[in-house]
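A short worksheet on the structure shown next.
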Amino acid sequence: MQAYDRDFFKSNDMIGEATINLKYIIEDTALVQQPLSFNKKFHTEVLIPNGYNKMDFDPKDETRFWLPLTFKNVKKGGNTEERGHVRVQVDVLPVSIADKNPVGKAR
């Protein structure tokens, strides 16, 4: 995931980026053929035992988490710095369900 600012008179600049490995939730969704959510329970029971770092979930909604955005600042010797957070919700659908609800066709 990458986040950019919006400039009107020059090119947009990248604020930061982050990577989420969705391998396990995609495999599990394909196996059970049911929608799954990347939620706190899935993270705690499946991902952390498989070596994932602990994530900061929203205390009011355990289906959303805060993803830190980092940026490699070449001007400051190539150091990586944190540039903020973005709140993310990830829901994965099997193809059979996703095909019944195409996104964007009516917009």
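None of the figures in this text is laboratory data; all of them are computed from the coordinates on show. Fair warning: this is a prediction, and the values are worked out from it, not measured in the lab. Because the Cβ atoms are built from the backbone with ideal geometry, glycine has one as well, and the counts that use them run over all protein chains shown.
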> So residue 20 clears everything in (1) in contact (Cβ under 8 Å) with a residue 60 or more places away in the chain; (2) not in a loop (DSSP other than H, G, I, E, B) except one condition, right? Which one?
Replying inline: (2)
>> Under 8 Å between Cβ atoms, which residue pairs at least 6 apart in sequence (or on different chains) link something in region 1-17 that is among the β-branched types (Val, Ile, Thr) with a partner that is surrounded by 12 or more Cβ atoms within 10 Å (Cβ to Cβ)?
In response: 15/3; 15/4; 15/69; 15/71; 15/83; 15/84
> Looking at region 3-35, which of its residues are touching a strand residue (DSSP E or B) at 6+ places or on another chain (Cβ under 8 Å), surrounded by 11 or more Cβ atoms within 10 Å (Cβ to Cβ) and closer than 18 Å to residue 87 by Cα?
Replying inline: 3, 4, 14, 15, 16, 17, 18, 20, 22
